[in-house]
Amino acid sequence: YLTPYGLNTEDMSQETLKGQIDVDLLVPVRVAKERKNFQGIPRTISLNVFYWQKDAKLKKIIFAEVEFSNFDNLKTIDSYELRVNLEPFTYADLVNNAAFDIHVYVGLFLLMSFINSIIVMTFW
């Protein structure tokens with residue numbers, strides 16, 4: 001899990017972190033696979049974080065996934081490559097991932113209902 005917003009890093013004690021993390025707001029990290037039956041040790045790990053840029057400084061994490069690739073069975077190698085990709089969501093992605101408050105969706109529903117009603121009355 002990831003927190004949707006950054007945490008205060010001045011005091012990283014466990015007790016302080018427990019007070020800052022709201023369990024209901026945690027963002028689950030989905031595991032994506034490169035192939036169906038992967039075996040061995042992944043040598044490349046990609047963490048893809050998709051976010052909403054709310055203003056010039058504030059980002060809200062909406063979705064995250066981790067992907068494992070480049071598998072081998074060499075247990076003598078103890079290195080791997082970690083890639084962290086940050087990608088902003090478009091407006092359509094934000095709507096599809098339920099990132100907005102309920103009043104935005106109510107407004108979209110009313111707007112689409114009004115447009116559909118106009119179209120039906122036009123062609124009736």
Check your understanding: Stretched out fully, how many nm does the piece from residue 44 to residue 102 gain, at 0.36 nm a residue minus the Cα gap?
Key -> 17.0 nm
Check your understanding: So how far apart, in nm, are the two label points at residue 117 and residue 3 if each is 7 Å from Cα heading toward Cβ?
Key -> 4.5
Practice item. Could you calculate the FRET efficiency of residue 23 with residue 69 from 1/(1 + (r/R0)^6), where r is the beta carbon distance between them and R0 is 25 Å, rounded to 0.05? Key: 0.20
**Study point:** Label assignment, Cα extents along the principal axes in Å derived from the structure, set [x] 73, 41, 25; [y] 44, 28, 23; [z] 39, 36, 21
**Key:** [x]
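Computed from the coordinates by the stated procedures, all read-outs in this text should not be read as laboratory data. Remember, it's a predicted structure, so these values are computed and weren't measured experimentally. No Cβ is skipped: glycine too gets one built from the backbone with ideal geometry, and neighbour counts run over all protein chains shown.
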